[in-house]
1. So, by mean Cβ neighbours within 10 angstrom, what's the order for 40-47, 23-30 with the highest one leading?
2. Can you put Trp228, Trp207, Trp17 in order of Cβ neighbours within 10 angstrom, beginning with the fewest?
3. Between Arg55 and Leu210, what is the spin-label point distance in nm, taking each point 7 Å from the Cα along the Cα→C-beta axis?
4. Given points 7 Å out from each Cα along the Cα-Cβ axis, report the Arg29 to Leu46 separation in nanometres with one decimal.
5. What ranking do Phe11, Phe213, Phe78 get, fewest neighbouring Cβ atoms within 10 angstrom at the top?
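Values quoted throughout were computed directly from the atomic coordinates according to the rules given, and no laboratory measurement underlies them. Computed from a predicted structure; not experimentally measured. Positions of Cβ are generated from backbone atoms using ideal geometry, with glycine treated the same way; all protein chains shown enter the neighbour counts.
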Amino acid sequence: MAYRAAMTAAFATILIWSFSYPVARVGLRHFDPLHLSGLRLVAAALALSIIALPRRVGLPERGDRLRVVSAGLIGMTFYLAILYVGLQVVESASAAILIALTPIFVALLSGPMIGERLTVWGWSGLLLASAGAALVILGQGSALDIGVSSLLLLVAALAHALYNVMAKSLVARYSPLQVASWSMWVGAVTSLPLLLGAPRQVATAPWDALFSFIYLGVCGSALGFVMWGRAMVGAPAAVVSSALYATPPLSALIGWLWLDERPTIWVVIGGMVVLGAVTMVIRRGVEAGTIPADASSQV
């Protein structure tokens, strides 16, 4: 039951994050990428404070504080800043493919860092899902662009993967709300130097640009990372991260229903490959004994 609830939380988070890339592009039309990343983290930190402080989330144990600070610096401040700098230059197709490598990095890091290992079925599913995601993205008619900015997005994917692995180790001892709150607070504080000049941009921003960082902060970060942490409680990090492959086909589906962008046959085939591959990872990708028997005690 806990495993099923974890994967439900993971896919619900992916639904929220599927809107984040187009929303971020709207924000980047007006905001400097470093300003947008900092504003997102401040909005997330304020939103979580409203919920977390009355519940007295407290502070992590002394031995975990370095890990918490590292998670906030790497997974929030560094990740978002690098991501938005890259998104400003790289085409969305290339960005989506590169960020889709996150589950591969998570699987590579999970073994040595937290002792979670995928089976042959799990690795096969991740690689197949990568190919399916590429079919979906390239099937939408976008070209692949590899350059310096693409390397930045590879670094961003690695940073996101490191956060996932560190968060997995933390939610074994703390609640998802605590882990997300601490990470966002660290991210917000360390992003303050990036916000020089941001008040002037906020004062002149159109409504859609203001909406972008509010949505990204409140929904994409505050709500999204609490739910993502909840998913990490009940399932291995690599399995949870495999849900990220649902983002390209889900974005294509949103474009079809909302913007009447008809998918090509390659988008349909790629989406079916992703669905089958992720199902393979979820059902047969984990070594026996690595799925928690019950994670319902975490709130």
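1. With the highest mean Cβ count within 10 Å placed first, the list reads 40-47, 23-30.
2. Trp207, Trp17, Trp228
3. Those two pseudo-labels are separated by 2.9 nm.
4. Going from the Arg29 label point to the Leu46 one covers 2.3 nm.
5. Phe11, Phe78, Phe213
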